[in-house]
1. Name the residue that is farthest from the chain's Cα centre (by Cα), counting only residues in region B:1-46 that are more than 11 Å from chain A (Cβ to nearest Cβ) and β-branched (Val, Ile, Thr).
2. Scan B:Val183, B:Val201, B:Val216, B:Val205 and give me the residue that is open to solvent by 20 Å² or more (accessible area, probe 1.4 Å), aliphatic (A, V, I, L, M), at pLDDT 85 or above and not in a loop (DSSP other than H, G, I, E, B).
3. Please enumerate the residues belonging to region B:25-53 that are assigned to a loop (DSSP other than H, G, I, E, B) and surrounded by fewer than 24 Cβ atoms within 10 Å (Cβ to Cβ).
4. Looking at region A:205-244, which of its residues are surrounded by fewer than 17 Cβ atoms within 10 Å (Cβ to Cβ), β-branched (Val, Ile, Thr) and within 22 Å of the chain's Cα centre (by Cα)?
5. Of all residues in region A:206-224, which are facing chain B (nearest Cβ under 8 Å) and assigned to a helix (DSSP H, G or I)?
6. Show the residue pairs that are 6+ apart or on different chains and have beta-carbon atoms under 8 Å apart, the first residue being within region A:62-87 and assigned to a strand (DSSP E or B), the second being loosely packed, with under 15 Cβ neighbours inside 10 Å and among the hydroxyl-bearing types (Ser, Thr, Tyr).
7. Only one of B:Val216, B:Val293, B:Val205, B:Val283 is hydrophobic (A, V, I, L, M, F, W, C) and within 11 Å of chain A (Cβ to nearest Cβ). Can you tell me which?
8. Give just the number: which of (1) part of a helix (DSSP H, G or I); (2) at pLDDT below 70; (3) exposed (fewer than 14 other Cβ atoms within 10 Å of the Cβ) does B:Arg153 not satisfy?
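The values are calculated or read from the model by the stated rules, or taken from the named source; none is laboratory data. Only a predicted model underlies this, so the values are computations on that prediction, with no experimental measurement involved. Neighbour counts run over all protein chains shown; Cβ positions are idealised from the backbone, glycine included. Note: accessible area is taken over every heavy atom of the protein model, side chains too, but ligands, DNA and RNA are not part of it. Shrake-Rupley method; radii C 1.70, N 1.55, O 1.52, S 1.80 Å.
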Amino acid sequence: MAFDLPPPPVSAASVSAALTTTMVEVSSDYKGQKIVLYGAVFNSTDRPADVVVVVRGPDQPVRIARKVQVAGLWLNSRPVVFQGAPGFYTVASSRPLSEIADYGTLRRLAIGVDHLAFKTPADGAVETRFGVKDLVVSRLGSDYLDYRRAVVRIKHAAGLYDQNERGVTYVDKSLFRAEINLPTAAPIGRYQAEIHLFQEGREVQVRQRTLEVRKVGIERTIYLFAHQRPWAYGFLAVFLAIASGYGASVIFRRS
Amino acid sequence: MDVYLPIAEVSVNAPLLIGLGMVVGFISGLFGIGGGFLMAPVLVFMGIPPAVAVASQANHVVASSASSVFAYGRKRAVDFRMGAVLAAGGAVGSLLGVEIFRMLRLMGQGDLVVSLSYLIFLGVIGGLMLIESLGALLRRRRGEPPEAVKDRRPAWLYGLPLKMKFPRSRLYISIIPPVLIGVFVGILSAVMGVGGGFVLVPAMVYLLRMPAGVVVGTSLFQIIITTSFVTILQAGRNQTVDLMLATLLLFGGVIGAQLGARASARFRAEELRVVLAVIVLLVGLQMGLGVFVTPADPFVLAPGAGG
């Protein structure tokens with residue numbers, strides 16, 4: 001990544017960080033979890049440094065439809081698929097991102113909900129236009145931004161996407177902390193936490209940490225059974241239902 | 001006390017689910033319907049993904065219907081042969097319905113079709129049932145004799161081939177009408193995520209002219225077969241049955257169903273039908289009128305992308 005950038009000026013700024021929890025266990029009393037990230041900035045230069053923490057969950061494709069009114073009824077238009085949308089995404093910084101780095105840098109690093117790279121291959125119809133073959137056209141055209149904003153808005157409302165310009169707080173001059181709130185709706189899987197260090201609008205260092213959200217105990221047993229032996233699972237569900245129905249009718253007949 | 005559901009992947013209040021199961025089970029036992037049309041909207045409102053709600057509550061319907069059927073069976077109030085014929089049609093219908101619904105969902109019109117089916121079917125059936133049962137109730141109040149039961153059964157029931165004897169119902173009719181009713185109910189149950197009792201009960205009373213005593217038990221027996229089929233199909237193909245959710249619901253459901261079956265003896269049939277008609281109408285309007293209201297957010301997430 002460094003090859004397309006001029007080498008950073010002789011910089012003695014660096015960052016290190018750790019998550020207080022690296023394994024979130026989802027059991028039957030799971031209600032979401034707050035994870036704290038601690039880190040320190042070592043900066044021997046006189047230029048100020050900024051820390052940006054990005055936590056990204058496993059990708060979860062999103063299908064989104066727009067409601068349109070037809071003859072008094074609200075109907076869904078054909079859904080659009082966004083591939084590569086993370087199931088969880090949060091950015092924490094100590095001041096607005098636009099003050100830390102410019103648009104191009106944020107976009108390139110995919111920092112900020114406006115800069116997430118969504119793809120819509122399901123709509124990338126291949127056509128021949130103006131005599132040019134195999135042009136990929138998006139059906140959405142100028143509506144693309146509306147759809148994109150709607151995905152972010154809906155995910156934000158569910159607590160899955162967040163951008164907090166006060167999310168990184170300094171405990172003292174160099175020690176900082178950031179809180180990450182995982183809601184129950186956050187997907188199961190491996191999460192990446194990236195800790196970016198910026199100086200004068202340029203990324204000088206990035207650290208990666210991983211976090212895993214997994215089901216444990218009875219939750220995991222049921223989930224695995226349902227996915228590995230789906231038909232047996234279905235029969236068991238029906239058997240349990242009929243047995244409990246029979247049990248109740250016997251108990252109530254006696255009483 | 002919140003509990004995390006492993007398949008639905010949301011956290012919900014456990015006593016609330018047991019209570020919901022009990023209320024729906026009570027209504028199920030009282031009226032001889034599965035109660036799915038009541039359960040699915042409430043579960044979705046609680047934040048459970050619709051696909052999981054529909055599949056898991058089918059399992060709850062199996063349990064509460066089974067609980068009642070064992071009770072009705074002892075009273076010889078179940079026509080097993082008629083139930084099996086209806087269910088055979090129901091199996092074909094639900095296979096068809098699952099395919100139809102899959103296509104509608106891919107076109108993004110699943111929600112619309114569900115809302116409109118609720119509005120049309122629950123509205124029409126609830127309305128007709130309300131008029132009929134209120135009429136019967138008024139005649140009783142005025143001291144008039146109940147409307148003379150038309151003993152002559154419609155000729156088309158007898159004109160068709162493939163006749164079969166249904167001794168429990170004292171019928172000797174062609175199996176074509178029950179099979180067709182079964183197919184229709186099967187399609188509806190796949191699309192709306194319900195057992196179809198609210199269609200089946202009136203169909204058995206008004207179309208097949210079955211004796212009132214066996215209608216409820218037979219309807220429930222048919223519902224067990226159809227919803228068991230749906231549960232296994234949903235678990236096998238879509239992995240959308242949440243055992244934790246289903247267990248909580250059916251725990252309340254089997255108890256509620258027993259209490260309901262008991263309570264049903266204390267009420268007059270017409271009074272029960274008035275109450276059922278009002279419930280059916282209200283749910284139909286509530287679900288169906290949503291498509292006429294301007295949405296707060298013009299964008300909605302469509303199911304089926306794994307998220």
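1. The qualifying residue farthest from the chain's Cα centre (by Cα) is B:Ile18.
2. Values: B:Val201 fails: at pLDDT 85 or above; B:Val216 fails: at pLDDT 85 or above; B:Val205 fails: at pLDDT 85 or above.
None of the other options fit; the residue is B:Val183.
3. Of the residues in region B:25-53, the ones assigned to a loop (DSSP other than H, G, I, E, B) are B:32-35, B:46-49.
Passing the criteria: B:Met46, B:Gly47, B:Pro49.
4. Correct list: A:Val206, A:Thr210, A:Val216.
5. First, pick out the residues of region A:206-224 that are facing chain B (nearest Cβ under 8 Å): A:215, A:218-220, A:222-223.
Once the filter is applied, which keeps residues that are facing chain B (nearest Cβ under 8 Å) and assigned to a helix (DSSP H, G or I), region A:206-224 yields A:Ile218, A:Glu219, A:Arg220, A:Ile222, A:Tyr223.
6. A:Gln69/B:Thr294; A:Trp74/B:Thr294
7. Working: B:Val216 fails: within 11 Å of chain A (Cβ to nearest Cβ); B:Val205 fails: within 11 Å of chain A (Cβ to nearest Cβ); B:Val283 fails: within 11 Å of chain A (Cβ to nearest Cβ).
Result: B:Val293 is the single residue among B:Val216, B:Val293, B:Val205, B:Val283 that is hydrophobic (A, V, I, L, M, F, W, C) and within 11 Å of chain A (Cβ to nearest Cβ).
8. (1)
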